[in-house]
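The values are calculated or read from the model by the stated rules, or taken from the named source; none is laboratory data. In this text, all values refer to a predicted model and were calculated from it rather than measured experimentally. In this analysis, Cβ positions are derived from the backbone assuming ideal geometry, glycine residues included, and neighbour counts consider all displayed protein chains. Please note that ligands, DNA and RNA were not included when accessible areas were found on the heavy atoms of the full protein model with its side chains. Shrake-Rupley method; radii C 1.70, N 1.55, O 1.52, S 1.80 Å.
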Amino acid sequence: MTDDRTPWWKTGVIYQIYPRSFMDADGDGVGDLAGIAARLDHLVDLGVDAVWVSPVYPSPMRDFGYDVADYCGIDPLFGTLEHFDALVEAVHGRGMKLLMDFVPSHSSDAHPWFREARASKDSPKRDWYLWADPAPDGGRPNNWVSEFGGPAWTFDEATEQYYLHIFLPSQPSLNWRNPDLRATMLDAMRFWYDRGVDGFRIDAVEHAAPDPAFPDNPPNPAWDGDDPAQAVLRTHSAHQPEVFEIARAMRAVAREYEPERLLVGEAYGTFEEVVRYYRPPAFDGFQLPFNFALIRSPWTAQDVGRLVDDYEAALPEGAWPNWVLGNHDRPRIATRAGRAQARVAAMLLLTLRGTPTLYQGEELGKEDAVIPSEMVQDPWGRNVPGLGRDPVRTPMAWEAGEGAGFTTGTPWLPIAVPPEGPVAAQHAEPGSILNLHRALLRLRRGSDALRLGGYRRLDAPEGVLLYERRHGGEALRVALNFTGAAVAMPLEGDVVLSTHGGSDPATLLANEGRILR
């Protein structure tokens, strides 16, 4: 069995809460910290080990909290510091960990730092942000593109320079090469650690130290003309060498605490780029650089099997893997793979080698909601219609009736009830996808093969992914049918769990996942 020296995050499961949409305790239509505390027993019953809460800092909310105006406070929309402290206590009291979101690459333009920085070129805070003179023709310094579409530079008339913003113009990029800014940001992390936070998910870290010479990015030869953010490659604006030094500095702060705090890094890139955030061979970077491969993969047994193999091969010796199917930015798996495959996806996520992260609502089989154009909230969706994130951010449906148990007011986005019903209905239905998740998490919690065992892919018929997880004397096999047709194949061993109740030793049902001992 697991010994006491194994870090909790190696055997645990992380659950992401998007606070605006989890639970509204005060009836204003927006989720809040008291609401999260009120629904924690759902997570205990589900069987997760840690809660990651997306940003709740003071913010103008132009990017719904990812435009931070104070790194050491709580926005009144979500509550107070006292509400936060109560949430930490409630999470810990239930035997779980609490992770916060940390946003290092940019602040809000409403932050006092930026207001001071743009007041004058001589401001002490000027160098806390990234500025550049106009190009010789008077235009922008280079061709960098915002992740939300449009240029990544905005001209500041008062000081006659451009400032960089990889996201919205209201999200100016911070300059981590400035030692005072760096020290202040690391102190902000300590502020939350001292309040009991068990770690951070680090937002968009690949953008934290762009090339200070600001050269043009090369055009993207694969661009299809759809998403403007993909028009150029991020050769000089992301994954620069100093980013990995920032990861090391953050890890040094995490190591000041006992037990050491967890850092989960958001960095979209190739496997070769992502694994650099571990900082091998010292492994003094992030413990878990997010692996987003399943979010972007075509949903076939061949494609998923290949990416698992490629990821395992890319991991440095001693690195711990992790997996995620969805988050607050990307289409839900039940929409991408289809409703019939949502259970197969759940079994895949919770039986692969490494730490899984489950996005709120995935345990209910939630799909992307249809948001009427007049109700679109996301600035990305307003800038580039069709690419917004509102469809994956709709509020949780807890029970039947008006407000769905989420709010007594008008919800900030429409409540989309999952096809199998709200939490209460699914909890009472033994065959629901919620109860499948509960069964998978119970099995995982009691199995060292699933929590710590190795991964070995096995030969299987076309359309099926078959692999073995083994630790000590325990061995489990996982067979996943990615097709809508039954597949004839030998399935030796005792059936531990099936997504559809299959038990025929010679046939895997359509859209079935099966675990055998």
What do you get for the angle between helix 179-193 and the principal long axis of the chain? Use alpha-carbon atoms, 0 to 90 degrees, nearest ten. 40 degrees
Roughly how many whole Å is it from the C-alpha centroid of region 263-317 to that of region 175-201? 25 Å
Could you work out [θ]222 nm for the chain from helices alone, using -39500 (n - 2.57) per DSSP H run of at least four and dividing by all its residues? Round to the nearest 500 deg cm²/dmol. -6500 deg cm²/dmol
Partner aspartates and glutamates whose C-alpha sits under 16 Å from that of K125, ignoring same-chain residues fewer than 8 away, are D70, D109, E116, D156, D180
Helix 81-93 versus the longest principal axis of the chain: what angle, 0 to 90°, nearest 10, using Cα atoms? 20 degrees
Listed by chain and number, the residues whose amide H is under 5 Å from that of I74, excluding neighbours fewer than 5 places away on the same chain and using placed H, are L81
Placing each pseudo-label 7 Å from Cα in the direction of the beta carbon, D137 and A510 end up separated by a distance in nanometres of 5.8 nm
For region 365-427, the charge dipole (Cβ of Lys, Arg +1; Cβ of Asp, Glu -1; about the Cα centre) points to a positive end, and the Cα of W398, G409, G388 closest to that extreme belongs to G388
For region 424-490, I need the span (max minus min coordinate) of the C-alpha atoms along each principal axis, in Å, sorted largest to smallest. 40, 34, 14
Assign unit charges at the C-beta atoms only (+1 for Lys and Arg, -1 for Asp and Glu), then state the dipole size of the chain relative to its Cα centre in Debye, rounded to the nearest 20. 1200 debye
Give the accessible surface of the chain per residue, rounded to a whole number of Å², with probe radius 1.4 Å and ligands, DNA and RNA excluded. 38 Å²
Under-5 Å amide H pairs with Y129, H placed in peptide plane, nonlocal only: N175
Long-range amide H partners of G453 with built H, under 5 Å: none
Report in % the part of the accessible area of the chain that belongs to carbon and sulfur, leaving out ligands and nucleic acids; probe 1.4 Å. 50 percent
I need the shape label for region 347-401. Rule: rounded when a/c is under 1.5, else prolate if a/b > b/c, else oblate, with a, b, c from the alpha carbon gyration tensor. oblate
Please list, or write none, the lysines whose alpha carbon is within less than 18 Å of the alpha carbon of K10, excluding same-chain residues fewer than 8 places away. K97
Please report, in whole Å, how far the alpha carbons of the chain spread along each principal axis, starting with the longest. 74, 49, 48
Through the Karplus equation 6.51 cos²θ - 1.76 cosθ + 1.60, θ set to phi - 60°, convert the phi angles of region 330-337 into ³J(HN,Hα) values in whole Hz; use x for Gly and Pro. 10, x, 6, 5, 5, 7, 5, 9
Quotient of C-alpha Rg and 2.2 N^0.38 Å, computed over region 1-137: 1.33
From most to least accessible, 1.4 Å probe, no ligand or DNA/RNA atoms counted, T159, T408, T270 line up as T408, T270, T159
Can you work out the Karplus-derived ³J(HN,Hα) for every residue in region 121-128? Use 6.51 cos²θ - 1.76 cosθ + 1.60 with θ = phi - 60°, whole Hz, and x for glycine or proline. 5, 8, 4, x, 8, 3, 7, 6
Please determine, in degrees from 0 to 90 and to the nearest 10, the orientation of helix 241-254 with respect to the longest principal axis defined by the Cα atoms of the chain, where the helix direction is its Cα long axis. 70 degrees
So between S123 and A485, what do we pick up on full extension, going 0.36 nm a residue minus the alpha carbon distance? 123.7 nm
